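Participant: Starting off with a structure, shown below.
The values are calculated or read from the model by the stated rules, or taken from the named source; none is laboratory data. Quick caveat: nothing in here was measured; it's all calculated off a predicted structure. Heads up, the Cβs are rebuilt from the backbone with ideal geometry, glycines too, and the neighbour counts pull from every protein chain shown. Surface areas here come from the heavy atoms of the whole protein model, side chains and all, with no ligands, DNA or RNA. Shrake-Rupley method; radii C 1.70, N 1.55, O 1.52, S 1.80 Å.
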Amino acid sequence: MPASTVALPLPSRRLILLGASNLTRGLALVLQTAAQLWNEPLDILVAAGHGRSYGNTSRVLIRSLPGTIQCGLWPALAERPPLPARALVTDIGNDLFYGADPKQIAQWVATCFDRLQQHGAQVTVTGLPLCNLPRVTPGGYQLMVRLMFPGCEVPFEAAVRRSCELDGLVRELAAERQIPVVEPVAAWYGLDPLHVRLRHAARAWQIMLTAGLDLPSPLPPARVSPGMFVRTALLRPEQRWILNHEQRQAQPAWTFANGTRVSLY
């Protein structure tokens with residue numbers, strides 16, 4: 001029988017991932033870790049992307065993406081059948097470099113929390129990597145924002161103050177909703193205080209995805225082939241703009257042989 005006529009198993013569990021550049025860089029590891037955690041077909045919905053904003057359209061070089069709360073993940077989630085679900089909310093902080101107020105960012109995150117919990121998802125959130133603040137100098141900060149957020153006009157002292165304020169607000173929101181907070185570990189990072197180093201990424205994502213789970217035994221770190229890293233990096237989201245020209249991509253963007261479906265928004 002031709003492969004195209006074989007009915008794949010339907011997903012029996014859902015994983016929802018909200019983030020930005022760390023999630024984009026680590027998506028292949030996340031997918032492999034999820035496969036190790038749940039040996040069953042998964043419905044995986046992802047809103048990520050370099051420089052992604054939680055509340056506004058963001059642009060990096062020639063590519064723009066809608067804000068997380070405006071993207072197509074939410075209508076897609078509403079249309080799909082209920083499943084046991086787990087969600088990870090991470091990479092909170094990009095909006096600080098776009099000049100957004102911490103209270104506004106916290107409100108966007110609260111909207112995500114509430115939507116996820118309304119769909120029955122068990123939510124986990126990562127704190128901001130404040131563990132790296134003691135080794136960030138004003139000069140290092142200026143170099144970082146010129147490379148990653150070239151339009152940023154937020155002074156170093158204000159960025160530090162707003163980061164601490166936002167982290168506190170997110171933790172308050174998480175406590176109100178009984179959402180566990182994963183603490184970033186300074187050893188995960190190198191000179192770049194925002195992005196987890198590749199050598200620690202497998203362990204970091206494992207910790208984030210398993211927070212609050214009672215596992216019978218520790219998982220080995222996920223191992224991903226170069227081919228899977230490339231394939232994952234080439235996946236296109238449902239909606240984006242390249243040089244202000246809208247591009248649309250039907251989802252799921254990738255369906256695995258076991259029935260797992262990966263949709264990007």
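Participant: In nanometres, what is the gap between the two model label sites at Arg80 and Leu215, each 7 Å from Cα along Cα-to-Cβ?
Facilitator: Result: 2.3 nm between the two label points.
Participant: Can you give me the Rg/Rh ratio for segment 1-153, using Cα atoms for both radii and the Kirkwood formula for Rh?
Facilitator: So for segment 1-153, dividing Rg by the Kirkwood Rh gives 1.03.
Participant: Sequence-distant or interchain residues sharing an amide H contact under 5 Å with Arg13, placed H: which?
Facilitator: Asp43
Participant: Moving on. Roughly what % of DSSP beta bridges within segment 8-161 run antiparallel, to the nearest 5?
Facilitator: Just about 15 percent of them are antiparallel.
Participant: If you average the sequence gap of Cα pairs under 8 Å that are 6 or more apart and divide by the length of segment 160-240, what percent do you get for the contact order?
Facilitator: Dividing the mean separation by the residue count of segment 160-240 yields 19 percent.
Participant: Here is a further query. Once fully extended, how much extra length lies between Glu40 and Leu61, figured as 0.36 nm per residue of separation less the alpha-carbon to alpha-carbon distance?
Facilitator: That works out to 3.8 nm of additional length.
Participant: Keeping the other protein chains in place, figure out the carbon and sulfur percent of the accessible area of segment 202-251, with a 1.4 Å probe.
Facilitator: 55
Participant: Could you list which residues have their amide H under 5 Å from that of Arg240, counting only those 5 or more apart in sequence or on another chain, with H placed in the peptide plane?
Facilitator: Gln247
Participant: Whole angstrom only: what separates the Cα centroid of segment 156-217 from the Cα centroid of segment 1-71?
Facilitator: With segment 156-217 and segment 1-71 each reduced to a Cα centre, they are spaced 19 Å.
Participant: Right, another one. Taking 0.36 nm per residue of sequence separation and subtracting the Cα-Cα distance, how much length would be gained by fully extending the chain between Leu198 and Cys164, in nm to one decimal?
Facilitator: Working: separation 34, 0.36 × 34 = 12.24 nm, distance 2.58 nm.
Working it through step by step, the gained length comes to 9.7 nm.
Participant: Whole-Hz ³J(HN,Hα) for each residue in segment 193-207, computed from phi via Karplus 6.51 cos²θ - 1.76 cosθ + 1.60 with θ = phi - 60°, x for glycine and proline: what do you get?
Facilitator: x, 9, 10, 5, 5, 4, 5, 10, 5, 4, 5, 4, 5, 4, 5
Participant: Please give the charge dipole size of the chain, origin at the Cα centre, charges +1 on K and R Cβ atoms and -1 on D and E Cβ atoms. Round to the nearest 20 debye. Walk me through the intermediate numbers first.
Facilitator: Working: 25 positive and 18 negative charges, 140 e Å.
Dipole about the Cα centre, nearest 20: 680 debye.
Participant: Over the chain, with a Gaussian network built from C-alpha contacts below 10 Å, which listed residue (Leu18, Leu213, Leu194) shows the highest mean-square fluctuation?
Facilitator: Leu213
Participant: Still on this structure: Given all pairs of different Cα atoms, what value in angstroms does the Kirkwood hydrodynamic radius of segment 31-115 take? Don't jump to the answer; show the numbers that get you there.
Facilitator: Numbers: mean 1/r = 0.0695 Å⁻¹.
Taking every pair of different Cα atoms in segment 31-115, averaging 1/r and inverting gives 14.4 Å.
Participant: With a probe of 1.4 Å, find how much accessible area segment 137-265 has per residue, and write the answer as a whole number in Å². Write out the running numbers ahead of the final one.
Facilitator: Values: 7620 Å² over 129 residues.
Roughly 59 Å² per residue, with all protein chains present.
Participant: Calculate what fraction, in whole %, of the accessible area of segment 20-89 sits on carbon and sulfur atoms when a 1.4 Å probe is rolled over the protein chains.
Facilitator: Numbers: 1350 of 2400 Å².
After summing per-atom areas, the C and S share lands at 56 percent.
Participant: Now for a separate question. Over segment 151-190, what percent of the accessible surface lies on carbon and sulfur atoms, probe 1.4 Å?
Facilitator: About 54 percent, which is the carbon plus sulfur part of the accessible surface.
Participant: Sticking with this structure for a sec: With θ set to phi - 60°, apply the Karplus curve 6.51 cos²θ - 1.76 cosθ + 1.60 along segment 134-145 and write out the HN-Hα couplings as whole Hz, x wherever there is a Gly or Pro.
Facilitator: Using θ = phi - 60°, the values come out as x, 10, 9, 9, x, x, x, 4, 4, 5, 4, 6 Hz.
Participant: Give the relative contact order (percent, whole number) for segment 33-100; include only Cα pairs under 8 Å separated by 6+ residues.
Facilitator: 25
Participant: Convex hull over the Cα atoms of the chain, averaged projected area in nm²? It would help to have the intermediate numbers written out before the result.
Facilitator: Numbers: hull surface 59.0 nm².
Its average projected convex-hull area is 14.7 nm².
Participant: Here is a further query. For the chain, with a Gaussian network of springs between Cα atoms less than 10 Å apart, report the residue from Gly127, Gly139, Gly49 with the top mean-square fluctuation.
Facilitator: Comparing Gly127, Gly139, Gly49 in the GNM, the peak value goes to Gly139.
Participant: On to the next question. Which percent, to the nearest 5, of DSSP beta bridges fully inside the chain are antiparallel?
Facilitator: Bridges in the chain that DSSP calls antiparallel: roughly 35 percent.
Participant: What number does segment 130-265 give for Rg over Rh if you use C-alpha atoms and the Kirkwood radius?
Facilitator: 1.01
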